[in-house]
1. If the Cβ limit is 7 Å and pairs must be 6+ apart or interchain, which residue in region 67-79 that is on the phi > 0 side of the Ramachandran plot pairs with which residue that is among the aliphatic types (A, V, I, L, M) and part of a strand (DSSP E or B)?
2. Among all residue pairs at least 6 apart or on different chains, which show Cβ distances below 7 Å where the first residue, located in region 34-48, is part of a loop (DSSP other than H, G, I, E, B) and the second is charged (D, E, K, R)?
3. So which residues in region 49-82 are part of a strand (DSSP E or B) and either loosely packed, with under 13 Cβ neighbours inside 10 Å or among the hydroxyl-bearing types (Ser, Thr, Tyr) (or both)?
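Quick note: the coordinates plus some simple rules give every number you see, no bench work behind them. Values in this document were obtained by computation on a predicted structure and should not be read as measured data. We place every Cβ from the backbone using ideal geometry, glycine too, and count neighbours over all the protein chains shown.
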Amino acid sequence: MVDKHVFEHPEESIFPIFDGYIHNYLQLFINVEEEYIYEDVGVSPYAPDEQGAMRKFNPIRDDLYFNLYPETKLDLQMDVGC
């Protein structure tokens, strides 16, 4: 949602939107060139199951191209090793 907003309103971004620079916040968590999520990033990619509980897991750490389940909430956190 944040990246979508920044893309639609680039003047509000704290990042320059140019080649060679960060294009979106997701790039802070993923190595795009080598296609993996950084190891020090906590990922919580869950969608609602049939009962509505957020238990349907999206295996995006194993496959960045995995089609997310509808209504997925993707939480990414920097893991500082605490």
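1. Correct list of pairs: Glu71/Ala47.
2. Sorted first by the residue in region 34-48, then by its partner, the pairs are Asp40/Asp79.
3. As a first pass, look at region 49-82 and keep what is part of a strand (DSSP E or B): 54-57, 73-78.
Scanning region 49-82 gives Arg55, Lys73, Asp75, Gln77, Met78.
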